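Please treat every number below as a calculation from the coordinates, not as lab data. Being a predicted model, the structure only gives us computed values, none of them experimental. When we count neighbours, we look across all protein chains shown, and the Cβ atoms used for this are built from the backbone with ideal geometry, even at glycine.
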Amino acid sequence: MLVAAGSKSSTASAAAAGGAALAIMPPTADHHQQLLHHLHDDQLANDVATMESSWSWSWSSPFAVQEPPVGEEAAAERQAEVGRLLAGFRRHLGERTALHLGYPYNLQEQESLSSTPELAAFQGLCINNLGDPFVESNYGVHSRPLEVAVLDWFARLWGLRRDAYWGYVTACGTEGNLHGLLLGRELLPDGAVMYASADSHYSVFKAARMYRVRCVEVGTLVSGEMDCDDFRSKLMQNTANPAIVNVNIGTTVKGAVDDLDSIISTLQECGFRGRFYIHCDGALAGLMVPFIKQEAPKLLTFEKPIGSVSVSGHKFLGCPVPCGVVITRREHAAALATDVVEYLSSRDATIMGSRNGHAPLFLWHALCTKGRRGIREEVPEERALPRAPVAARVPGRHRARRRHAQRRARQDRRLCGGPCCAAERMVPRRS
């Protein structure tokens, strides 16, 4: 499924149909000419033409930082040149945005939020929500009240009482994954093994490397869901080690939602009761799944024994800056909490410490404008989340078996007519 730029329901539609994320290739020589056209300056055009490639700026780039001239006239000319560069680059990005495909961003909402006068009035302020969102620091220019209101909303959405959760507004979905998986490692410090499906976001495997946790890749079904048979097999090879499990609520390419109930029951049946931590990566669909009519195994809620959930704010909600939200149980957050940092006068259990205070403004405005009713209207009423035929189950690393299974699945589309097939049609074939 192709998603046109500016479509209000582009992210929802992509997840609903399992739309594939198209690979964005480095700009070609044509993009050189587009940029030269935007710059409208012969000398600058010559400088740009000397770039080694349009993908990486060389030292001769007109954007290379230069010391400002000393004289007033020369300084004024340089300032005018800087203005021309920025104006040309703005036009360049505008064209890129108009032709945007593949990444699940709600561009129409981004444009709306960016042009809201009430929000634009905050752009000249250095808003920093440093430290714990629930413990005010000695830095007075922050947006904590709005951040906490956003966190309350997401906690209710996922079934946690106000006095039972902790969380914060992150820089992106990746930071939410880093935080959730770090909680798992701190709560299960004795040789825990991380499990993630082959279709998981790359940040999950990056977290394993950063935290020096052994990560076992679990095979997936053709639909992109975790293969619970393979998961069981991998668990039984490590019964002495606690398990940290990444559960996908919308994979990057196929939009697949892992079967949370099957994953939990598999853990319990394999003897991991009380010895596992589940982080749910809901960057793509964590906000949509609660509004989709579907079977209980796909339902995302803290009424099930999960530890944390992360979601992106710049995808479905369309915030014009990368951001996200991570929510966990309050008792879990104590594993990362510090004593009060003296010069902050606040605690800090976040990854980043200093955090963008503008992001909560955008999130709060989007939620207040849409509300649950507006979000429900933008999410498809139903979403096919089929379990692929048994013959199509494949381990994560064996590409030959994967290709064979995909061929089998194509021959049996009557049994598997959902997002897996839609995504498969979007995968470019090499000649």
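Charge tally around G282: other residues with Cβ under 13 Å, Lys/Arg +1 each, Asp/Glu -1 each, net 0. For K254, the lysines whose Cα falls under 26 Å of its own Cα, not counting residues fewer than eight places away in the same chain, are K8, K206, K234, K293, K298, K304, K315.
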